[in-house]
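What follows is a single structure, written as C-alpha cells, with notes after it.
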Amino acid sequence: MENQSNANAVHFQTSRRDFLKMAGLAYMGLFASGCHQRKDAMTPSLPGFSGSCEQVAVAALPRGSNPEAVLMAVKRTAEAASCFSWLSRGDTVFIKVASNSANPYPATTSPLSVRAMVRLLLEKGAGQVIVGDKPGVEAVYQDPDRRKGSSREVFLQNGLQEAALESGAQVHYFEEPGYDAFFADRTVHAGHWTGGLRFPNILNQVDHIVLLPRVSRHALAGTTLGAKAAVGWLRDDSRLELHHDAATFYEKIAEINDAAVLRDKQRLVLSVATEVQTTFGPDQGFSARPDPGLVFASESLLAHDMVSLGWLLWNREHGTPSAQLRWFRDPYVTYPGMMNRIFVGMIWGIRSFFTAQTYAQVPIQSIRTDPVMVRAAALWGGFPQLELVDLNGTLPESVVHYLNEQE
C-alpha cells in the first residue's frame, strides 16, 4: 500500500511461533470485533488442464544419504529437468533461495542444493552466480526511515552464506543497497496488486534466475513451495500490501510470480526435500524424514509446485504423528486470516491492525484445492499434465500416486 504511513510501523522482537501463540489466545475476542473480510472478493472458477505436458525430474535418496549423494542428486536432477540451452558462456545467474529465517534446513533452503547448483552453473559456463533473498519482516525490516535486522546475519546462521561463498558464488542482500534500490514491475496478466510490486534492482543486472525453494507447511498460507518463495523478492511496502489487503492474499502470492521480470528470466526450479516441514511453518515445525527423500526439478514453476504439494501431503499423512497435526501445532487449520491480521498489527502498528482485511482458511488436500496454485493455473492457462521422470526407478507406488494427484 503506497499511502500506508511508515511512521506507524511498530516492530517486535518475536518469532512466528510466539506470534501465533498470542494469536491463538486473542483470536476469539478479536474475531468478535469484526474481521474486515471483504465479501465481494472474486472467487475464480476452478481452472482445468492446459493440454500441455511438463516434465518434472525426480531423484529418490535413501534416508541418511551423505552430502556427496545429495550433491550428485541435485546435479543429475537439474540436468534431467533442463538442457541449459538458455545459459550462454559468461551469463550471470541469480539463485533465489528461501532464507526466511535463521533456522536451518528444512525451515530454509538446503545449503547442499546451493552448493550443487552454484558448481553446476559455473561448470556449464556461467560467468557469475549470485545467491540472495530477504528474510521475513520479523527478522529483517526496512522502510525509508529505518532498517532493522540483517539478511547477512540470517544467512550466516542458516548456513546459506557459507554454502554460496565456498562454492564460488557471491551473495546479495536485498536491503543493503538501500530502500531505493528496488524497481516497480507489473504483472503480465491483470491481477489484484494495486500499489505495485517492488523487486531488487539486482534483477535488472542478471540474465537468468534459478529458484531453490523447500517443501513446507505455512501457518498463514497453508503451504510454502516455489510460488510462495517469491515473497522474498519484495520490498517491505509490497509485503505490507500483501498482508494488509488480504482479502486476495492467496491470489497475490501467485501473482508475484506473474511479474514480467520473473516470467522473462526464471529458468529452473529445484527442491531438495529429503526433509519436509509438515506442520506450522515457515520458520519451524515438525520435520518429517521420509525414506526415500526426494530431489525434484522442473523448468515449470507450476509443475514443480504440483509435485511439491503432493510430497508435502504424502509426508503429512505418512510421516507426521497425529499429535503434531493438532491445531496448536498446525495453526493454519484454525483461522489464518485473523492470525494474519494480528501479524500486520505486530509489524506495522495498531492502525494497520484495525484497517487490515482478512481471509478464510481453505483446506488444502490436492492441487485443485490449493488457492495459490489454482490462481497460478488460472493465470497461465490451466494445470499442465505431469510427466514424472524417475531418475533412479525407485519411487514407491504410493509416492507416485501422491505426486500425480490432481483432484
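Ratio of Rg to Rh for the chain: 0.94 [Cα atoms; Kirkwood radius as inverse mean 1/r over pairs].
Can you compute the charge dipole magnitude of the chain about its Cα centre, using +1 on each Lys and Arg Cβ and -1 on each Asp and Glu Cβ, nothing else charged? Give it in debye, rounded to the nearest 20. In debye, rounded to 20, the chain gives about 640.
For the chain, lysine pairs separated by 8 or more sequence positions, or belonging to different chains, with Cα-Cα distances below 15 Å total 7.
Based on Cα contacts under 8 Å between residues 6+ apart, the chain shows a relative contact order of 26 percent. A straight line joining the Cα centroids of region 154-228 and region 79-97 runs 17 Å.
Karplus-derived 3J(HN,Hα) values for region 100-108, using 6.51 cos²θ - 1.76 cosθ + 1.60 with θ = phi - 60°, are 5, 8, 7, 6, x, 3, x, 6, 9 Hz; glycine and proline are entered as x.
Positive end of the dipole of region 318-393 (Cβ unit charges, origin at the Cα centre): among 365, 382, 331, the Cα lying farthest that way belongs to 331. Evaluating 6.51 cos²θ - 1.76 cosθ + 1.60 at θ = phi - 60° for every residue in region 245-254, the Karplus couplings come out as 8, 8, 4, 10, 4, 5, 4, 4, 4, 4 Hz, glycine and proline recorded as x.
Take every DSSP beta bridge whose two residues both sit in the chain; close to 45 percent of them are antiparallel. Which longest run of the chain has no exposed loop site in it, a site being chymotrypsin sites (Phe, Trp or Tyr not before Pro) in a DSSP loop with at most 14 other beta carbons within 10 Å, and the site itself not part of the run? Excluding the exposed sites themselves, the longest stretch runs over 87-326.
Quick note: the coordinates plus some simple rules give every number you see, no bench work behind them. Worth saying up front: this structure is predicted, and the values here are computed from it rather than measured. With ideal geometry, Cβ positions are generated from the backbone for all residues, glycine too; neighbour counts draw on all protein chains shown.
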